[in-house]
1. Amide H to amide H under 5 Å from Thr412: which residues, 5+ apart in sequence or cross-chain, H placed 1.01 Å off N in plane?
2. If I take every Cα pair under 8 Å that is 6 or more residues apart in the range 13-152, average their sequence separation and divide by the length, what percent do I get for the relative contact order?
3. In the range 392-446, what trypsin sites (Lys or Arg not before Pro) fall in a loop by DSSP, with at most 11 other Cβ atoms inside 10 Å?
4. Restricting the calculation to Cα positions, tell me the Rg (one decimal) and the Dmax (whole number) of the range 440-499 in Å.
5. If the limit is 27 Å between Cα atoms, which of Lys161/Lys194; Lys137/Lys214; Lys136/Lys269; Lys319/Lys501; Lys136/Lys245 go over it?
6. Assign unit charges at the C-beta atoms only (+1 for Lys and Arg, -1 for Asp and Glu), then state the dipole size of the range 13-152 relative to its Cα centre in Debye, rounded to the nearest 20.
7. Would you list His425, His435 from fewest to most Cβ contacts within 10 Å?
8. Ranked by Cβ crowding within 10 angstrom, fewest neighbours first, how are Leu308, Leu112 ordered?
Amino acid sequence: MNPKININNFIEIDMNSIIGTGVEIVFIICLFVAIKFVFGRAYKQLIQVPSVKNKKKEVEFIYQNIQIFLTVSCLLLCLLVAGINGWLIYQGKNLIEYQTYLIKNISFNYLLVIGIRVLKILGILILTKWSIPYIKKFITWLTEWAKNVDQITANDASIEKLFEFFKSNFNNIIWLLYVTISAQIMVFPEVIVKYLYISLQIYMIIIMGLLFTKANTTVIETLDAVSKKYSDQRNIVRIYNRLRKLIPLAKRCLEYAIYITTATLVVQKVDFIASLAPYGLLSLQIIGIIFMSRVVQEIGQLLLEEVLLRESDTDDLSKQRRETFLPLFQSCTKYLIYFGTGIAILYTIKIDPTPILAGVGILGLTIGMGAQSLVEDIVAGFFILFENYYLVGDFVEINGVSGFVTGIELRTTRINYEDKNYIIHNRDVKDIVNHSSYSNAVVMLKIPYQVKMSQVNEIIEKVGKKLLENYSEDIIEPTIIEGVEEFSDNQILIEVVTQVKPGKHLIIQKVLGIMIKEAFEEANIELRVVNHITLSNDQPIPIFLKPLRVKLRKNQ
């Protein structure tokens, strides 16, 4: 038969215990208030002594430490009484009888030991309070030393924030350590000391994690500034100039790694979630794989550039072909690295990639049959590359769009002219005109019959020499009269041609038209100017300008 429980007796005992606990806490508070009052009166009397007035600051410092110690001790003692009494009530013990038994068995030696422990705690408190200002001064000195040691100003702000954060959290670590040591000196229950140490360790781990996060920015900025300072085109450090764009990614990866490491260390300290710690290591490995894949990608692209674009005795055509194939090789390298990264991540998380690859192959075949445009782009891209329809740097006209080829990729061709970028799908490349050798800037002139051709030749020759002086880098052959294109009723149509580098025909044609106009004005010859733009052997397109009206002088 189960024993009957008298709820009224239980409630009565519980209320008596609670009231007794409250009385004890009030007594402790009153006791410490009285002690503080006594110390306050003693302090006021002490500072009136003539021999002590000269050391008022030292006495005041000691008095403030005693006040702090008494306040903290009162708070801790109240919490201790409430905790122990609550535990006893939870165990079902009679609180008054238990405490009466303890008081009867307390000996003088026990009280002496307690007093010695309290004095130890007080001594540690004074030592801690005294040492904190000096440690802060040392941190300030260390901040200035770290800012000046590398003679680089780019990282000064980061260093200052780092040490300021450490200084602001240093007090919390010291006082939490003091409370933990005090609990151990007072021989508190083992479970309390254990969790105090765990709390201290967790707090220190979190602070160190945040500290390393801030140090991460400082260290990376310092290394970046040093590498930038000592790198040039003649040493191996020049490779770093290409890797500098990975700095934001490096900061993020290191930051995530620090956060995950911090969380993993904290989880290991808590028993009921310690089984989650191995997942932190897996996350760190994945972050490392992703970052290293980007580094390998950049180094691979740099090596391709070093191999394909190195200075050698090869002709311009070979160099142009290498520049054309470089983006293709870089794209293939990039996708291979991405593929390898995915496989490495699968192996890291203990997943066999073989079934996945088989499924992806079937899926890719299905998608490929549907994505015919993608396949057409890739096939057309290979034909363009291997049959040398055009290369990077050529001036071409594709489907009526003219410009310099800036890139040939598996899917698209990129053309740029006059700050306009054109992207053409390889499957849409139909009509191609390659002007890789030269272009012609053509101006069509209608000359009256009364003007002698010798005079026209002289004017054009003079204009051609002046044009060659001003634009020698763009002109391949000087300006000439190509011939007579047409005889009309009142005039003849002649063609003036200047052979220029690919893509320079528009600029030269405009300048040449203005110079011819000015030259004929000086010679008092009236004409109608028809501008044409032709590339290589294409048919000219006439553009009629407004005729010039020039009065001829009468010969005297």
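1. Asn426
2. Reported relative contact order: 33 percent.
3. Lys430
4. Spelled out, the Cα radius of gyration and Dmax of the range 440-499 are 12.3, 40 Å.
5. Lys161/Lys194; Lys136/Lys269; Lys136/Lys245
6. Using Cβ point charges on Lys, Arg, Asp and Glu, the range 13-152 gives about 660 debye.
7. His425, His435
8. Leu112, Leu308
Only the coordinates and a few stated rules stand behind these numbers; no lab work does. Bear in mind the structure is a predicted one, so any value in this text is a computation, not a measurement. As a convention, Cβ positions derive from the backbone with ideal geometry for all residues, glycine included, and neighbour counts pool all protein chains shown.
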